[in-house]
1. Could you grab me the full set of residues in segment 64-75 that are surrounded by 14 or more Cβ atoms within 10 Å (Cβ to Cβ) and without any contact (Cβ under 8 Å) to a residue 40 or more places away in the chain?
2. Hey, does segment 76-95 have a residue that's under 18 Å from Ala13 (Cα atoms), surrounded by 16 or more Cβ atoms within 10 Å (Cβ to Cβ), modelled with pLDDT of 80 or more and touching a Gly at 6+ places or on another chain (Cβ under 9 Å)?
3. Only one residue in Ala12, Ala55 is surrounded by 12 or more Cβ atoms within 10 Å (Cβ to Cβ), in contact with an Asp or Glu (Cβ under 9 Å, 6 or more places away or on another chain) and at pLDDT below 80, so which one is that?
4. Anything in segment 51-110 that is in a helix (DSSP H, G or I), of a type in the set (S, T, N, Q) and more than 14 Å from the chain's Cα centre (by Cα)? List them, or say none.
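The values are calculated or read from the model by the stated rules, or taken from the named source; none is laboratory data. What you are looking at is a predicted structure, and each value in this text was computed from that prediction instead of being measured. Because the Cβ atoms are built from the backbone with ideal geometry, glycine has one as well, and the counts that use them run over all protein chains shown.
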Amino acid sequence: MLKQDSERSRIAAGLKIAVNLAVALLLIGVILCGVWGIGPGDFVFSLQEIVSLSAPALVVITCGILLLFCTPLLGLILSAVFLHRGGERRYIAVLAAILCLIAGLVLAML
């Protein structure tokens, strides 16, 4: 029981770090938008602008949003690591199936 609590606290700590980092990126991006005078209408941008770093404030905000989207995925991956350490093969198989479904959905959108 103590080992499970330790693993849960590690997963929770990893997720908290990811969320805090994402929120920090969003706040930095909003501050940069205010400093550079970027308004709400300027948030329509292309992937090419993000890659070329032509609007750094929008890039920071986009990174924060992407990190927030990836946080649940991070939870699944951390859970798989700790389940593997505990020898829970059935749960690892379920998590692997979920990760494959997510990867298939992402690839289908490209």
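1. Selection gives Leu73 alone.
2. Taking every residue of segment 76-95 in turn, at least one turns out to be under 18 Å from Ala13 (Cα atoms), surrounded by 16 or more Cβ atoms within 10 Å (Cβ to Cβ), modelled with pLDDT of 80 or more and touching a Gly at 6+ places or on another chain (Cβ under 9 Å).
3. After ruling out the rest, the residue left standing is Ala55.
4. First, pick out the residues of segment 51-110 that are in a helix (DSSP H, G or I): 51-52, 56-86, 89-109.
From what is left, the residues that are of a type in the set (S, T, N, Q) are 52, 62, 71, 79.
Within segment 51-110, Ser52, Ser79 meet the criteria.
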